[in-house]
Amino acid sequence: MKHSQSFPDPSTSQRAISLVDVNLTLGEGEARAHILKNVSLDVARGETLALLGPSGSGKSSLLMVMAGLEGVDSGVVEVAGRRIDRMGEDELARFRGAHVGVVFQAFHLVQTLTALENVALPLELAGVSDAFARARGALAQVGLSHREKHYPAQMSGGEQQRVALARALVVHPDILFADEPTGNLDSTVGAEIVELMFALNRERGSTLVLVTHDEVLARRCRRIVRLRNGAVESDAAPELQDA
């Protein structure tokens, strides 16, 4: 039997994320699909949360909604104390730049920029004066100071993912979102990336939301939310999910 709703709703001051009756549909006409169905979820500040489920369950779409990268059809999406579902594109972009870091499976680095320039990019867009100094610090944090002048094509997959992680962390985000961050990496390199994310969660107290299909990785999180057909199937600590 799977336990659900094992976590009391954190108070407003303790919430990193709050979703209430969120619905999302994508596509047009006959291809239109109901991706998220009345999803309600609270995530506490500093929490580590895994979104787990089969392909097509809606876990990556849910992460995109929480990260402000996908708009919803209905419902409330509150992140870092702000109603992001009410924001326009410009305001949302500024909000993400100040509060949110995202790491994707496919890295999404700009191929014509060096590692240092890739990491500095979100700070430059935000008009931060010491963007490159902070970018150097972030690269050092992920062990890539020696690669700052290299372009993505000159780096291994693991190094590119470290650059992507540094770029996500350089803004000192309140929340780090990671969508299958080890999916394109071998097991050894993937484990190193995972260790970095959890270490930074401990050191900075930032919230970590992780999409994965890996049960072992999910169980490292304080809490696992399982999705099926766009809805929350269970929500509990790992040790309760087998009870």
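The values are calculated or read from the model by the stated rules, or taken from the named source; none is laboratory data. Only a predicted model underlies this, so the values are computations on that prediction, with no experimental measurement involved. Don't worry about glycine lacking a Cβ; one is built from the backbone with ideal geometry, like all the others, and counts go over all protein chains shown. Heads up: the accessible areas ignore ligands, DNA and RNA and are worked out on the full protein's heavy atoms, side chains in. Shrake-Rupley method; radii C 1.70, N 1.55, O 1.52, S 1.80 Å.
Observations on the structure shown:
- Two-decimal log10 I(q)/I(0) for the range 129-243, as the Debye equation yields it once each C-alpha is a single scatterer, q = 0.11, 0.13, 0.16 Å⁻¹: -0.42, -0.57, -0.81
- Simple Cβ-charge dipole of the chain, Lys/Arg +1 and Asp/Glu -1, about Cα centre, in debye nearest 20: 420
- Degrees separating the helix 187-204 axis from the principal Cα axis of the chain, which is the longest one: 80
- Ranking Ser234, Asn23, Gly205 by how far each Cα lies toward the positive end of the dipole of the chain (charges on Cβ) leaves Gly205 at the top.
- Antiparallel bridges, percent of DSSP beta bridges restricted to the chain (to nearest 5): 50
- For the chain, the solvent-accessible area with a 1.4 angstrom probe is 46 square angstrom per residue.
- Helix 131-141 vs. the chain, principal-axis angle (Cα, 0 to 90°, nearest 10): 70
- When +1 charges are put on Lys and Arg Cβ atoms and -1 charges on Asp and Glu Cβ atoms, the dipole computed for the range 75-179 relative to its Cα centre reaches about 220 debye.
- Under a model in which nothing but the beta-carbon of Lys, Arg (+1) and Asp, Glu (-1) is charged, the range 16-85 shows a dipole of about 160 debye around its Cα centre.
- Of His213, His99, the order by accessible heavy-atom surface (1.4 Å probe, DNA, RNA and ligands excluded), from most exposed downward, is His213, His99.
- For the range 105-243, with +1 on Lys and Arg beta carbons and -1 on Asp and Glu, the positive-most of Asn184, Ser129, Thr114 along the dipole: Ser129
- Cα long-axis angle, helix 89-99 against the chain (0 to 90 degrees, to the nearest 10): 70
- Percent carbon-and-sulfur accessible area, the range 68-194, ignoring ligands, DNA and RNA, probe 1.4 Å: 49
- Relative intensity of the range 198-243 on a log10 scale, I(q)/I(0) at q = 0.13, 0.16 Å⁻¹, equals -0.33, -0.49, per a Debye sum over C-alpha point scatterers of equal strength in the absence of solvent.
- 25 °C / 0.890 mPa s Stokes-Einstein diffusion coefficient of the chain, Kirkwood radius on C-alpha pairs, µm²/s: 133
- Pairs of Cα atoms farther than 21 Å apart, the range 1-133, %: 52
- All C-alpha pair distances within the range 75-209, sorted into 5 Å bins from zero, spread as 2, 11, 21, 23, 21, 13, 7, 3, 0, 0 percent across the bins.
- Derived scalar couplings between HN and Hα for the range 64-77 equal 4, 5, 5, 7, x, 9, 9, x, 9, 7, 7, x, 10, 10 Hz in order, rounded to whole Hz, by the Karplus curve 6.51 cos²θ - 1.76 cosθ + 1.60 (θ = phi - 60°), x for Gly and Pro.
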